[in-house]
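Notes follow once the structure below has been shown.
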Amino acid sequence: MAAAASEDPEGTTGKVTFVGAGPGAADLLTFRAARAIADADVVIWAASLVQAEVLEHARDGAEVLDSAKLSLEDVVAVYERAARDGLRVARVHSGDPALWGGTQEQLDRCAALGLEVEIVPGVSSFSAVAAIAQRELTVPEVAQSVILTRLGGGKTPMPPGEEVREFARHGTTMAVFLSAARSGQLTQELLEGGYPTSTPVVVAYQATWPDELVLRCTIGTLEETVKEHRLWKHTLFLVGPALSASGTRSHLYHPGHFHGFRRADPAARKSLREGAKQL
């Protein structure tokens with residue numbers, strides 16, 4: 001049974017809040033995300049990708065729908081009802097709504113319906129995996145960029161020039177989503193792009209879930225590792241030299257570095273400049 005519309009003193013035509021629920025663990029919700037769920041008349045959540053504890057924030061009487069059973073048209077029908085009846089909808093996505101969430105097509109339809117829209121960012125799984133692995137992805141003098149991508153050849157085609165092998169040519173840190181089912185192809189494209197076989201890899205299955213599995217290997221053993229543990233979905237790969245680098249130092253906290261809140265030590269500043277000239 002549908003929930004009654006919440007009181008709205010301004011008489012708006014409804015609101016949809018896209019909530020980034022993070023990689024799965026309920027305690028990785030932001031405070032803003034929890035408030036959006038608590039304020040909602042209808043909560044649409046991805047049950048297969050978000051832990052059920054997030055629903056503890058929903059108010060009594062809220063209508064709860066599992067998005068796994070809904071097509072885009074089914075979800076849009078809820079948005080139409082929200083526009084008609086002045087309902088507040090929390091559309092709970094896994095990870096961050098900005099990445100691989102099918103969010104834009106929903107935003108476009110909300111705009112056409114005249115709905116108020118808010119997006120609450122969430123913790124992306126690549127960030128969660130880096131935290132679990134206790135690695136910084138941008139290590140000075142090793143990698144200063146992170147490429148987020150997925151393997152081509154799946155259900156959604158990749159635009160020209162966005163193949164893994166093309167991004168691999170940069171030699172920096174990569175976070176590769178949605179690719180475990182084709183680990184052989186992934187290995188091949190990483191090597192074709194120029195990574196050595198010894199390049200470190202972190203393989204993470206169900207990161208932040210009770211059954212999470214985080215493994216370390218190299219590109220040379222990536223396919224073997226994936227097949228040994230029978231991983232084919234809910235798996236993320238972090239790839240690149242930063243995953244095992246050490247011995248470098250950031251300028252940020254160097255005594256020779258200055259900014260608006262800290263003066264540089266003159267001797268350390270001189271040493272820092274001389275070191276930069278030698279690079």
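The values are calculated or read from the model by the stated rules, or taken from the named source; none is laboratory data. Keep in mind it's a predicted model, so treat the numbers as computed, not measured. As a convention, Cβ positions derive from the backbone with ideal geometry for all residues, glycine included, and neighbour counts pool all protein chains shown. Quick note on the areas: whole protein, heavy atoms, side chains included, nothing else; ligands and nucleic acids left out. Shrake-Rupley method; radii C 1.70, N 1.55, O 1.52, S 1.80 Å.
Tabulated results
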read-out	value
Qualifying positions in segment 94-117 - surrounded by fewer than 17 Cβ atoms within 10 Å (Cβ to Cβ) and under 16 Å from Val176 (Cα atoms)	Ala98
All positions within segment 111-129 that are small (Gly, Ala, Ser) and touching a helix residue (DSSP H, G or I) at 6+ places or on another chain (Cβ under 9 Å)	Gly114, Gly122, Ala128
Boolean, Val203 is touching a strand residue (DSSP E or B) at 6+ places or on another chain (Cβ under 6 Å), surrounded by fewer than 17 Cβ atoms within 10 Å (Cβ to Cβ) and more than 17 Å from Thr172 (Cβ to Cβ)	no
Enumeration of residues in segment 38-66 that are open to solvent by less than 20 Å² (accessible area, probe 1.4 Å) and within 14 Å of Gly20 (Cα to Cα)	Val43, Ile44, Ala46, Val50, Val54
Members of segment 155-179 that are open to solvent by 10 Å² or more (accessible area, probe 1.4 Å), in a loop (DSSP other than H, G, I, E, B) and not hydrophobic (A, V, I, L, M, F, W, C)	Lys155, Thr156, Pro157, Pro159, Pro160, Gly161, Glu162, Glu163, Arg169, His170, Gly171, Thr172
Some residue of segment 68-81 being in contact with a Ser or Thr (Cβ under 9 Å, 6 or more places away or on another chain) and buried (at least 16 other Cβ atoms within 10 Å of the Cβ)	yes
Residue within segment 230-239 that is among the basic types (Lys, Arg), at pLDDT below 95 and under 26 Å from Ser94 (Cβ atoms) present	yes
The lone exception for Gln104 - which of (1) touching a residue at least 12 places away in the same chain (Cβ under 8 Å); (2) out of contact with any Leu (no Cβ under 6 Å at 6 or more places or on another chain) it fails	(1)
Matching residues, segment 82-93, being open to solvent by less than 40 Å² (accessible area, probe 1.4 Å) and farther than 22 Å from Gly24 by Cα	Ala82, Ala83, Gly86, Leu87
Where a residue in segment 41-60 is closer than 13 Å to Val89 by Cβ and its partner, wherever it lies, is open to solvent by 60 Å² or more (accessible area, probe 1.4 Å) and modelled with pLDDT under 90, with Cβ under 8 Å and at least six apart	Asp41/Ala4
Restricting segment 118-149 to residues that are of a type in the set (Ser, Thr, Tyr) and open to solvent by 50 Å² or more (accessible area, probe 1.4 Å), the residue that is nearest to Gly95 (Cα to Cα)	Ser127
